[in-house]
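Here is the structure we will look at.
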Amino acid sequence: MPGATRSLTVEAKSASLGAITEFVRKGARESGLPDSRVGELDLLIEELYLNVCRHAYPNGAPGVVSISYSIQAPGELSLELADQGIEFNPLAADAPDITLDLEHRPVGGLGILIVKTLAKSITYRREYGWNRLTLSISPGS
């Protein structure tokens, strides 16, 4: 049903990636996204979720990640990934210089570039102690 929001909250541990991925795939199937986009969505979610697990809660501090989805229209899925970790706006990070050869390219930055490429839209906000990254995916985005 368009507009209904479904949510899942898990511990911010890499072991929860399977549950997060399956949850998002369910939303993708409900929205009618084509299989090719579902594969891209898997990559996008893996990148975002694992970055939260690695960086939002330093020194092994416990934390949670909440992911929600809603179907905005047939074939259009809206996602929000939220955590209470260290404040970080991935959209404000410097874009990687992909013109450099691999030996001279610094580590990092490619993940958010992939996310920006695959998502129709993406926004970040810090709200009541939560990092909230919202994105939408559609068949042609």
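The values are calculated or read from the model by the stated rules, or taken from the named source; none is laboratory data. Nothing here was measured: the structure is a model prediction, and the numbers come from that model. For neighbour counting, all protein chains shown are included, and Cβ atoms are generated from backbone atoms with ideal geometry for every residue, glycine included.
Key figures for this structure:
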item: Residue, nearest to PRO139 (Cα to Cα), within the range 18-60, restricted to residues that are without any contact (Cβ under 8 Å) to a residue 24 or more places away in the chain and hydrophobic (A, V, I, L, M, F, W, C); result: VAL38
item: Identity of the residue in the range 62-89, of a type in the set (A, V, I, L, M, F, W, C) and within 19 Å of TYR128 (Cβ to Cβ), that ends up surrounded by the fewest Cβ atoms within 10 Å (Cβ to Cβ); result: ILE86
item: Residues of the range 117-141 that turn out to be among the aliphatic types (A, V, I, L, M) and modelled with pLDDT of 95 or more, as a count; result: 1
item: Enumeration of residues in the range 51-61 that are surrounded by fewer than 16 Cβ atoms within 10 Å (Cβ to Cβ) and not basic (Lys, Arg); result: HIS55, PRO58, ASN59, GLY60, ALA61
item: Residues that are more than 17 Å from LEU135 (Cβ to Cβ), in contact (Cβ under 8 Å) with a residue 24 or more places away in the chain and among the hydrophobic types (A, V, I, L, M, F, W, C), drawn from the range 1-17; result: MET1, ALA4, VAL10, ALA12, LEU17
item: Sole residue being surrounded by 14 or more Cβ atoms within 10 Å (Cβ to Cβ), over 18 Å from ARG132 (Cα atoms) and touching a helix residue (DSSP H, G or I) at 6+ places or on another chain (Cβ under 9 Å), chosen from GLU40, GLU30, GLU47; result: GLU40
item: Subset of the range 1-15 [surrounded by fewer than 16 Cβ atoms within 10 Å (Cβ to Cβ) and of a type in the set (A, V, I, L, M)]; result: MET1, ALA4, ALA15
item: Flag if GLY18 is over 22 Å from TYR124 (Cα atoms), modelled with pLDDT of 95 or more and surrounded by fewer than 17 Cβ atoms within 10 Å (Cβ to Cβ); result: yes
